[in-house]
1. Simple spin-label model, 7 Å along Cα-to-Cβ: Glu262 to Lys59 in nm?
2. Neighbouring Cβ atoms within 10 Å as the yardstick, rank Trp282, Trp184 fewest first.
3. Quick check: Cα centre of the stretch 239-284 to Cα centre of the stretch 70-109, how many Å?
4. Highest mean first, how do 82-91, 196-205, 166-175, 113-122 rank when packing is the count of other Cβ atoms within 10 Å averaged over residues?
5. Can you put Met163, Met309, Met272 in order, fewest other beta carbons within 10 Å first?
6. Would you be so kind as to identify all helices of the chain, as entire DSSP H runs, whose Cα atoms reach 30 Å or more along the helix's own axis and whose mean Kyte-Doolittle hydropathy is at least 1.6?
7. Using the Cα centre of the chain as the reference point, and only Cβ charges (+1 on K/R, -1 on D/E), how large is the resulting charge dipole? Debye, rounded to the nearest 20.
8. Using the charge dipole of the chain (Lys, Arg: +1 at Cβ; Asp, Glu: -1 at Cβ; taken about the Cα centre), state which of Ala199, Gly185, Ile306 has its Cα farthest towards the positive end.
Amino acid sequence: MIKRTMLFGTMFIFVIVTCLSLFATVAVAGKITLNYANFPPAPTFPCVQMERWKTEVEKRTSGQVEVKTFPGGTLLGAKEMMDGVIAGQADIGNICMAYQPGRFIVTNATSLPLGIGDARSGSIALLKLYEKYKPEAFKDVVVLTMFTNAPGNIMSKQPVRNMADLKGMDLRASGDSATILKAWGANPVGMPMPATVEALQKGTVKGLFSSLEVMKDFKFAENCKYITMVDAGIYPFAVIMNKDSWDKLPADVQQVMMDLKEEQAIWTGEYMDQQIKDAVAWSKEEQGVEVITLSADEKAEWDEKITFMVDDWIEKARAKGFPAEAIIKDIKAFIQ
Ligand code: 3IO
């Protein structure tokens, strides 16, 4: 009798322990944690879109995936982002392609003066361009989404009312936006966006050339009391994932991410466009910023000065073996 009770008791415990450990194994194996690195501070649009993506992925995978976000360059900085993700230092990273102009030739063509009017249409055009050409530059990663900021405008400590005012002015910009500034007579100073905070405070630069939401998100309006509307040049971004990390994901999780790709691009573009309206209103109302609009004649002159960039790009890209004319034609078509 005692023996039988002991036998049943042992079996009972065995069954419970087996069940528990099986459950634990499933729970542990089912939980996937992904590290997502970003270079600018948390309140800025690349990080806001990152948090939105995290929320959507965690929701749509019913918590099977946990995304740990690292804003502000705490895991990888702007210039080490691409290689850091390829090396697996982060599973996911957000890159600004203009910081490595020679590396992302095809996708950086979206930053030429081709008439992108806002971040929504820019983001759609960029992603379509990527999908069509699948540039070699991304062969070592999986692209999770792409987006652009809105066209650049001049934010400065001194007013820029005409091209003469801009002559020799030290303004921060990268990639094609630096070329645009140079064509207008300014002195472009290259550095990633987060470094601009200190450069403006120290006076190393007298302003910058980028999308206007930074007036509020980086509080540049405290230093730059003038905006000159020129609406030229966007910065293309990509969210990329390490190949091994991707390959380890179950197919249904991969599907969730691919389903999000275009949606995330559009969401980010729309968020950015709205953020610019808010930032300009805030700059004017709370920070006493003056918004300068060029006359139609003056604007035509500014536009004229940068048209050469497209031909220049075509020539260089063709020499490197890219179907350059087709790429430009496609970008223009994708914008509409
Ligand atoms: C940008 C980069 C980081 C955070 C906010 C931002 N808004 C616009 C940009 C574009 C950019 O990378 C740049 O260098 O102007």
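Here, each number is a calculation from the coordinates, and none is a lab measurement. Since this is a predicted model, take the numbers as computed values, not measurements. Note that we place each Cβ from the backbone using ideal geometry, even for glycine, and neighbour counts take in every protein chain shown.
1. Taking the two extended label points, one gets 2.0 nm.
2. Numbers: Trp282 15, Trp184 22.
Ascending Cβ contact count within 10 Å gives the list Trp282, Trp184.
3. Using only Cα atoms, the two centres lie 15 Å from each other.
4. Numbers: 82-91: 18.6, 196-205: 15.7, 166-175: 20.2, 113-122: 21.9.
So the peptides 82-91, 196-205, 166-175, 113-122, ranked by packing, come out 113-122, 166-175, 82-91, 196-205.
5. Numbers: Met163 15, Met309 19, Met272 25.
Taking fewest neighbouring Cβ atoms as first place, the list is Met163, Met309, Met272.
6. On the way: long enough: 2-30 (41 Å, 1.79); 251-287 (50 Å, -0.84).
Length and hydropathy pass: 2-30.
7. On the way: 37 positive and 41 negative charges, 200 e Å.
The dipole magnitude comes to about 960 debye.
8. With unit charges placed on the Cβ atoms, the residue in question is Ala199.
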